[in-house]
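Quick notes on the structure that follows.
The values are calculated or read from the model by the stated rules, or taken from the named source; none is laboratory data. Because the structure is predicted, anything quoted here is derived from the model rather than measured. Don't worry about glycine lacking a Cβ; one is built from the backbone with ideal geometry, like all the others, and counts go over all protein chains shown.
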Amino acid sequence: MICSDFHPFTKISDTLNLEQPVMNYFSEDVFEGEMAHARFYDEEIRKQMPRCLCRRYTIGEFTLVAIK
């Protein structure tokens, strides 16, 4: 598992142009996306990289886990 630290606002707006889907802040959907930093490689290499499944957690969900 890879955890990335992004501001929760990126769930509802692609302000950083990461080409990631925009969704409801409370969505628990899992979506298919590119590996981290794939967009920095040439298109030919990028096509060969495997896709991954992603889910964005809210700060509240992390807090619940930390308390348990």
Sole residue being under 10 Å from the mean Cα position of the chain (by Cα) and modelled with pLDDT of 80 or more, chosen from Cys3, Cys54: Cys54
Filtered residues of segment 12-38 (kept if surrounded by 11 or more Cβ atoms within 10 Å (Cβ to Cβ), modelled with pLDDT of 80 or more and either of a type in the set (Gly, Ala, Ser) or outside any loop (DSSP other than H, G, I, E, B) (or both)): Ser27, Phe31, Gly33, Glu34, Ala38
